[in-house]
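Below is a structure I'd like to ask you about.
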Amino acid sequence: MKKKHWFLRIFSFFAIFSFLINCMCCSASAVQEEQKVSLEEVLDSFGFSGKERYDAFKFICEKAGVSLPDEFGTHEFLQLVELTQKRFVNRKDKQERWETTDLNWMDQDVTLLNENFAKLNLVDAVFYGWREDQYAKQYKAQYDAVCILGARRSEMEKRIKFVEQLVKERYHFAWVVLLTGARPATVGVDGTAEEIEEIAQHFGISSSEVTEAHIFKYLYEQSWLNKGDFALVVIDTPARDGRRPTTQTTVEDFCKWNEEHGNKIEDALFISSQPYVAYQTAIIEEILRQNNSDLLFRVAGDGYVPSDNSVKTLAGALGSYIWAKMPNCLRYFNFKIKSDEDLEMTRRLYGHMMWIYNHLPFSWGLISAD
């Protein structure tokens, strides 16, 4: 009887133990199973909250032929990026924005499209410091530095004038930082041949040696800002691995400069221009996160005036923003890249930008890069 009694106890113990293990495994599986979110939640994560913005985004996607599912998981997020890269951005690797071509949908219902892009905050100026509205509290009147992002010549002129306006409105900065680099100057994009030659003579170099950095410094020297008491810093980033300087590389170099100088700059106002403010905000946010930077920042920029042929620009900016913001959205919803299909799609979309790719939320144990 005693042997039977102990046998029953042992049997019961293992039965209960097995049951608990199975419960734990089932619970783990349930936790690992991806819970999808609604389209509205996705749009909220992109900053497009409210019915007006929901409808605007849906309208643009419908015109572009971008299908939107009702629910999103990792796969649907990646599909959205892939479709908007094709139908909004239409830009090949190493191709400049001004070298892209219009797609057929971009010259239809242009007025309505422009109105809906405006509803997504891609048109109006983004800096409400001197205006009375709901966004004024997001900005303050004094920053350690104003960091002006490089671009084609006309955009750099526009951004310098925007900062001049801020200063005239009594906004204070100790430093002016020009974020630029060794992108070769292009006739027609950075001025006429004569204008580029004038800059070359100013710096004592040949026209073929003129870069975006030379143009930016020249424009700054000619501006009203140069007469102020600002400490000027020029971040002149070289090309890397055959790629011209980008927002990523110039901001990274700025972070290195700031660290080397005792992190004198603790908060900064970055200057872009519409419709790229949202895109560059997402890029800067990701760079600072990866570099464990404590820099506090805002991004501001002058408005964009839509025209009959502006859909390509506005759509390209929106598509670029979705691409740049998606990694943060995946982390926000705690989504992981798990399947081979999603891994392959991720490589296509982000493999050319390893600084983003290597920080994407891959499932544990999944090889994220070759």
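For the stretch 148-211, which whole-number percentage of the solvent-accessible area (1.4 Å probe, protein heavy atoms only) is attributable to carbon and sulfur atoms?
Exposed carbon and sulfur together represent 48 percent of the surface.
Stokes-Einstein D for the stretch 176-215 at 4 °C, 1.567 mPa s, Kirkwood Rh over Cα pairs, in µm²/s?
Calculated translational D: 128 µm²/s.
Same structure again: Per-residue accessible area for residue 247 at 1.4 Å probe radius, Å² rounded to 10?
Residue 247 has an accessible surface of roughly 20 Å² with all protein chains in place.
Rg and Dmax of the stretch 234-290, Cα atoms, in Å?
Considering the stretch 234-290 through its Cα atoms, Rg and Dmax are 12.0, 34 Å.
For the stretch 193-261, how big is Rg over Rh, using alpha carbon atoms and the Kirkwood form of Rh?
1.01
Sticking with this one: Translational D (Stokes-Einstein, µm²/s) of the stretch 132-265 at 37 °C and 0.692 mPa s when Rh comes from the Kirkwood sum over C-alpha pairs?
The calculation lands on 207 µm²/s.
At what distance in angstrom do the alpha carbon centres of the stretch 253-317 and the stretch 166-201 lie from each other?
Centre-to-centre distance over Cα atoms comes out at 17 Å.
Sticking with this structure for a sec: Rounded to whole Å and ordered largest first, report the semi-axes of the equivalent ellipsoid of the stretch 237-370 derived from its Cα gyration tensor (root of 5λ).
26, 22, 15
Turning to a different aspect of this structure: So if each residue of separation counts as 0.36 nm, and I subtract the Cα-Cα distance between residue 203 and residue 352, what length gain in nm does that give?
50.2 nm
The values are calculated or read from the model by the stated rules, or taken from the named source; none is laboratory data. Here the structure is a predicted model, which is why all the values come from computation and not from measurement. For accessibility, only protein heavy atoms count, side chains too; no ligands or nucleic acids. Shrake-Rupley method; radii C 1.70, N 1.55, O 1.52, S 1.80 Å.
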